[in-house]
Structures are given as structure tokens and as C-alpha cells.
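What follows is a single structure, written as C-alpha cells, with notes after it.
The values are calculated or read from the model by the stated rules, or taken from the named source; none is laboratory data. Please read all numbers here as calculations on a predicted model, not as lab measurements. Don't worry about glycine lacking a Cβ; one is built from the backbone with ideal geometry, like all the others, and counts go over all protein chains shown. We work out accessible area using only protein heavy atoms, side chains counted, and drop any ligands, DNA or RNA first. Shrake-Rupley method; radii C 1.70, N 1.55, O 1.52, S 1.80 Å.
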Amino acid sequence: MRHKRIELNDQTDSFDKIKADLDRRKKHERKTKRRRFIKRSIMVSLLVCFLLAGYKFDQWEGSRLNKIHVKGNALLSDSEVVSLSKLKKNDRMILNWSGRVQRRLNKNEYIKDSHVKIIYKDQTALLQIEEETPIAYEKTKKNLIYFENGAKIELDDKNIKGIDALPLLVNIKDDALKNNIISQLKTVDEGSRIAISEIIHIEDKFEKESVKLVMNNGYYVFTSVETLPLLNNYATIISGAEPKNKCIYLLEYGPTEDTQVATAKPCDFEN
């Protein structure tokens with residue numbers, strides 16, 4: 001009996017296709033690995049170059065801060081503002097960009113606003129600030145300055161300027177009274193406020209909040225803390241007073257808050 005010949009063409013074709021497909025996959029994987037290797041090599045090389053360039057730049061003398069200029073400060077000293085900015089000579093400029101330094105300054109409650117400019121080519125930082133409005137100060141171990149927004153700061157004599165333009169609080173031992181004076185001073189216009197040299201608490205059994213204001217032009221004003229805002233009319237009052245009448249008494253408000261009762265007379269004490 002004669003047997004039929006077995007045909008394997010279909011199986012052989014399938015095997016060849018599978019082998020060819022595996023070869024293509026391996027080739028694609030090798031190509032992908034080479035691409036990844038090249039990409040990683042490039043990334044590592046760029047990172048090394050970047051780090052090397054950063055190191056060289058950091059070691060370069062021109063990358064460090066050399067000068068710091070302060071503008072706009074009427075009360076705080078230059079050194080105090082620089083201290084608040086946390087900038088120091090020889091600092092890395094790249095780590096102290098304008099916005100970062102500006103945020104440091106604006107965090108301080110006695111600085112209303114600031115503008116900072118870093119000039120890299122000149123290795124210079126320009127600090128332009130606007131201070132909160134100071135109201136008064138008193139002598140403690142240092143100088144305690146009160147601001148309109150409620151902030152206060154204690155500064156050494158060597159770290160302060162412009163303090164002579166502020167009223168000095170004298171013999172104000174009670175904190176509640178002191179806070180009331182500060183609060184009322186906020187309602188006094190700047191022109192009248194800078195005319196005050198000292199604010200002195202007067203011990204009076206009838207009026208516990210009586211104060212004497214020593215004025216810069218040789219006058220004296222007697223008033224209670226409650227009527228302190230009447231000082232806004234100080235210039236008008238002294239313009240109508242005789243030269244010998246150096247003591248001004250602000251007694252009370254008139255029929256309306258826009259009017260007042262005030263009198264000027266010679267002082268009965270020695271200066």
C-alpha cells in the first residue's frame with residue numbers, strides 16, 4: 001500500500017513568520033535601548049556641564065553681592081533695613097533674587113511696601129522702602145517707636161534716624177493710657193503732630209487722663225486724651241493768641257465736633 005507524502009509547508013511558513021517577527025522585535029528593542037542609552041548619556045553630560053558651570057559661576061567673584069543701597073527710609077537706618085532684608089556682602093546674588101528679598105522686607109509690620117532691584121552686572125542691590133507712619137516714641141533701654149498700624153519696634157540710638165520729629169512719651173506708665181494716647185494721635189494730622197516735642201502725663205485726681213504737650217515752638221498745650229484730636233486746630237489757635245499767652249488749654253468740644261472751646265493764657269510755671 002502506498003502512503004501519501006506529508007506536506008509541512010503551512011507549518012514551515014508559520015514558523016518562519018514567528019522567527020522573523022521575533023527578530024524584528026529584538027532589533028527594535030536593541031534600537032530602543034541604544035536610543036535610551038544615548039538620551040541618558042546626553043542628559044548626564046548636560047547635568048555635569050550644568051553643575052560644572054554652576055560651580056565655576058559660584059566661584060566667580062562677579063557672582064557675589066558687593067554693594068547694598070537703601071532709599072526711602074525716613075526713620076529706620078540703612079543698617080536696620082539691610083538687616084531686615086537679610087542681605088550681606090558676598091552673598092550669592094543668584095539665591096537672592098528681587099522677589100525673595102522684597103517678601104522678606106514686606107513681612108515686617110513697620111514697612112508698608114518695598115521695591116528691590118538686583119543689578120547683576122554691578123553686583124549691587126537697591127532697596128527702596130516705604131515705612132509705616134510712626135506716631136510717637138518713648139525712652140526705654142533703647143528707643144521704642146510706635147507706628148500708626150499698631151506696630152512697635154525698639155532700636156538703638158546708632159540704628160535710628162529722624163526720631164526727633166516724633167513726640168516723646170514721658171511719664172506714661174499705664175499701658176491702657178499709653179494705648180489710648182497712641183490711638184488718639186492717629187486722628188491728629190501730620191502737621192500738628194510733628195509740632196509736638198513731648199507728651200507728659202499729668203497726675204490729676206479729677207482728670208486721670210490729663211496730658212501736657214510741650215510744643216517745638218515754645219508753647220504748651222494742656223488737654224485730656226479724649227480731646228487730643230482738637231490739636232488739629234493748633235495753628236489757628238496760636239495765630240490768634242497774644243505772644244505772651246504760651247499756655248493753650250483745650251477744654252472740650254463745642255456744640256459740634258467741628259468746634260471747640262480753647263483758651264490761651266500766660267503760663268504760671270517756669271520753663
Legend entry - Scope region 71-92; condition polar (S, T, N, Q) and open to solvent by less than 80 Å² (accessible area, probe 1.4 Å); matching residues: Asn73, Ser77, Ser79, Ser83, Ser85
Legend entry - Boolean, Ala136 is at pLDDT below 90 and within 23 Å of His201 (Cα to Cα): no
Inset, instruction - State all residues of region 204-234 that are within 24 Å of Ile163 (Cβ to Cβ), in a loop (DSSP other than H, G, I, E, B) and either open to solvent by less than 10 Å² (accessible area, probe 1.4 Å) or out of contact with any Ser or Thr (no Cβ under 7 Å at 6 or more places or on another chain) (or both); if no residue qualifies, say none. - result: Asn217, Gly218, Tyr219, Val225
Inset, instruction - Identify the residue in region 93-144 that is over 14 Å from the mean Cα position of the chain (by Cα) and of a type in the set (D, E, K, R) and, among all such residues, is least open to solvent (accessible area, probe 1.4 Å). - result: Glu138
Legend entry - Count of region 173-217 residues which are more than 15 Å from Tyr234 (Cα to Cα), basic (Lys, Arg) and over 32 Å from the mean Cα position of the chain (by Cα): 2
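Residue-by-condition table, conditions (1) in a strand (DSSP E or B); (2) touching a residue at least 24 places away in the same chain (Cβ under 8 Å); (3) farther than 16 Å from Asn73 by Cβ:
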site	(1), (2), (3)
Asn108	no, yes, no
Asp122	no, yes, yes
Leu127	yes, yes, no
Lys173	no, yes, yes
Leu177	no, yes, yes
Inset, instruction - Looking only at region 163-171, decide whether some residue is without any contact (Cβ under 8 Å) to a residue 24 or more places away in the chain and open to solvent by 50 Å² or more (accessible area, probe 1.4 Å). - result: yes
